[in-house]
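The values are calculated or read from the model by the stated rules, or taken from the named source; none is laboratory data. All of these numbers come straight from a predicted model, not from anything done at the bench. Heads up: the accessible areas ignore ligands, DNA and RNA and are worked out on the full protein's heavy atoms, side chains in. Shrake-Rupley method; radii C 1.70, N 1.55, O 1.52, S 1.80 Å.
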Amino acid sequence: MQQRCNLAHFILVIVVLGLSPLMLDVEAEAQIAFVSDRNGNQEIYVMDVDGKNQRRLTKNRHDDYSPSWSPDGKRIAFVSVRDENEEIYVVDADGGKPKNLTKNRHDDDSPSWSPDGKRIVFSSKRDGNEEIYVMDADGRNHRNLSNNPAIDKDPSWSPDGERIAFVSVRDGVEIYVMDADGGNQRNLTNNGFHEENPSWSPDGKHIAFDSVRGGGMDIYVMDADGGNQRRISDNPLNDTNPSWSPGGKRIAFTSREGRNWAGRNYEIYVIDADGGNQQNLTNNRSHDTDPAWYNSVLAVAPAAKQLTMWGRLKQVGR
């Protein structure tokens, strides 16, 4: 028995040592999807995490925005107005095979994939006011999760798949969280100011969001239970739309700094999770917004899951 345990420990050490270089490079090998109007209208783009190799994925004369990576990195869900209203589309990661998933005459917005890739949560106005809906990844089985007369929007699925953070105006404009089936809805921020765009850290312990409580719109981070709320960016204009790096070390966001080029255009910035080392990634005359970070080489899994190659998350002990 002791010999068997020693052998298992030896194998584990070899595996960890083998993965170490990949773990160190997890940030460097990632990709960031974003939105740019540099070609006349809003389109989905992708770039390396250092801002290099920027390339357009969608090519449509109508606006495309709000990208969200599938967990396996093979597809990107996004919003398009090519059907004269907001619809949730999905496209292959190389830009091929765009497909309308919602096909609804009311506006559907803000897609976010479940960690297992089987479902997509989004916001919809089909009930008169904006609500949080969920559907299968092929566009079937639409279901209302929030069921509230107030506006509920901007959903973000937790890494363990058990919770969904979202924005609600039922108590002002606050960050809420609910169970993945719509139950147990509760206010996390409980602040009199405007808070939006929640984004879960890869380990599920923190939520980044933007808030005007400091005067301008800045990026904040809080614990997943709403505790320890703290500002990490400080900009007299606007910092919005945070998205965590796969290793949880940095956060990409949209900033209207006005310190590049002549106009105050929006750019994609990145900042350390503790608020240090802000860097402009896009440096473009046009507006660049809505960053969505994905790592296509190594996914960092939340608790009860393991590190796996090519972005796949495998359950451990289930």
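The HN-Hα couplings worked out from phi for region 200-211 by the Karplus form 6.51 cos²θ - 1.76 cosθ + 1.60 (θ = phi - 60°) are 6, 5, x, 8, x, 8, 9, 10, 8, 7, 10, 8 Hz, whole numbers, x standing for Gly and Pro.
So which of K153/K205; K118/K205; K59/K99; K52/K97; K74/K97; K59/K97 end up more than 19 Å apart by C-alpha? Table pairs above 19 Å Cα-Cα are K153/K205; K118/K205; K52/K97.
Along its principal axes, region 36-125 has C-alpha extents of 37, 33, 20 angstrom, given from the largest down. Here R230 sits with roughly 80 square angstrom of accessible surface, probe radius 1.4 Å. In terms of accessible area, using a 1.4 Å probe and ignoring ligands and nucleic acids, F166, F193 rank largest first as F193, F166.
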